[in-house]
Amino acid sequence: MKKFFVTIFALILLTATAHAQIQTYTGSGEYLMSEDENVDFAKSRAAIEAERNILDQVCVYVKGQSSMIDNELDSDEVISIGAGILHVTDTKYKLLDDAQGILVKATVTAQIDIEELKTLLNQAIAERQR
C-alpha cells in the first residue's frame, strides 16, 4: 500500500513539472552615476532597467487608461502582466568610465514560466469580461 501511494505521488509530481514551460531571457540596462550617488544605488537602477528590458520582451499588454483634465493629459497608465513571474537567476555588472561620470551596465538573466503567464492572462481576461 505504501508503494502505491509513493507511485501516485511520483506520477503527480512528474505531471506537474512536465507541463512547466520555463524560458530564459536576458536583458541589459545602463545607469549613469552622478556625484551624489553611490555604486550600489547605480547598480540597482541599472538592474531595474535590465529587468524592464526583459519585461518588454515578454510582457503582454492588458489594459491602458488615460485621464484628461482641462484638455491636458493628467495621467497615463498601462497595466501589464509579467513582473510577478520574473525570476532573476543571474545579474552581472560592468563599471565604465564615461566622459560624464561612471556608467554602470547591468546584464540580467531571468526565467519566466510561460504557463504561469498564461494563467495570469486568463485571469485578466476573465476580470475584463465582468
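The values are calculated or read from the model by the stated rules, or taken from the named source; none is laboratory data. Because the structure is predicted, anything quoted here is derived from the model rather than measured. A quick note on method: Cβ atoms are made from the backbone with ideal geometry, for glycine too, and the neighbour counts reach across all protein chains shown.
Some notes on this structure:
Listed here are the residues, each with its yes/no results for (1) part of a strand (DSSP E or B); (2) on the phi > 0 side of the Ramachandran plot; (3) surrounded by 11 or more Cβ atoms within 10 Å (Cβ to Cβ).
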residue	(1), (2), (3)
Val104	yes, no, yes
Val108	yes, no, yes
Gln111	yes, no, yes
Glu115	no, no, yes
Thr119	no, no, yes
Ala124	no, no, yes
Glu127	no, no, no
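- Test: residue in the range 35-55 that is at pLDDT 85 or above and not in a helix (DSSP H, G or I): yes
- Flag for Val60 being at pLDDT below 75 and either of a type in the set (D, E, K, R) or under 30 Å from Lys105 (Cβ atoms) (or both): yes
- All told, Phe9 falls short of being surrounded by 10 or more Cβ atoms within 10 Å (Cβ to Cβ), over 14 Å from the mean Cα position of the chain (by Cα) and at pLDDT 85 or above.
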